[in-house]
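Visitor: The following block contains the structure, expressed as structure tokens.
What follows draws every value from the coordinates through simple rules; no lab data is involved. This one's a predicted model, so the numbers in the text were calculated from it and none came from an experiment.
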Amino acid sequence: QVTFYEDRDFLGRCYECDSDCPDFHSSLSRCNSIRVHGGTWVAYERPNFSGNMYVLSPGDYPDYQHWMGLNDRLGSCRAVHIPSGGRGHIQLFEKGDFGGQMFEATEDCPSVMEEWHLREIHSCRVLEGVWVFYEHPNYRGRQYLLPKG
């Protein structure tokens, strides 16, 4: 379950979700804090799971900077189903259509550029687990959720 609050520090009106919600913007005009009671969730900037996404692990987010939000606008959310017990496995390719040099990862990597001297990734294949990619090193910037496939 996840609870979204209009004001910072879990104050003001709130909206609770225990399943995917394509549009809660009409119930909550802004969101300045979030409490994730269990599971992993993705909150989206706009309704229908569109716009910037924010991956949320269990815990408290007293203001939007804590989930790396750009503003107080959220419009939808969905639960992320992470397989239990298995390790993640991903292949990264320097060219499109799985071409060029391939790099594999089974653990978090704070900087693809430092780890493999790779400036850009043009394709990837998630073999196991669910991965979150970040626009910038050290888990900063826009987030992209990549499920198996």
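Visitor: Over region 1-52, calculate the relative contact order: mean separation of alpha carbon pairs under 8 Å at least 6 apart, over the residue count, as a percent.
Guide: Numbers: 88 pairs, mean separation 20.6, N = 52.
Contact order relative to length: 40 percent.
Visitor: Sticking with this one: Express the relative contact order of the chain as a whole percentage, based on alpha carbon pairs under 8 Å and six or more residues apart in sequence. Don't jump to the answer; show the numbers that get you there.
Guide: On the way: 360 pairs, mean separation 27.4, N = 149.
This gives 18 percent for the chain.
Visitor: Which distance in Å, rounded to a whole number, links the C-alpha centroids of region 83-100 and region 103-149?
Guide: Here the two parts' Cα centres lie 8 Å apart.
Visitor: Using just the helices of the chain, give the 222 nm mean residue ellipticity in deg cm²/dmol: DSSP H runs with n ≥ 4 each add -39,500 (n - 2.57), and the total is spread over all residues, rounded to 500.
Guide: Values: 1 runs with 5 residues, N = 149.
Dividing the helical sum by the residues of the chain leaves -500 deg cm²/dmol.
Visitor: Compute the relative contact order of region 37-91 as a whole-number percentage, counting only Cα pairs closer than 8 Å that sit 6 or more residues apart in sequence.
Guide: Values: 81 pairs, mean separation 22.6, N = 55.
Across region 37-91, relative contact order equals 41 percent.
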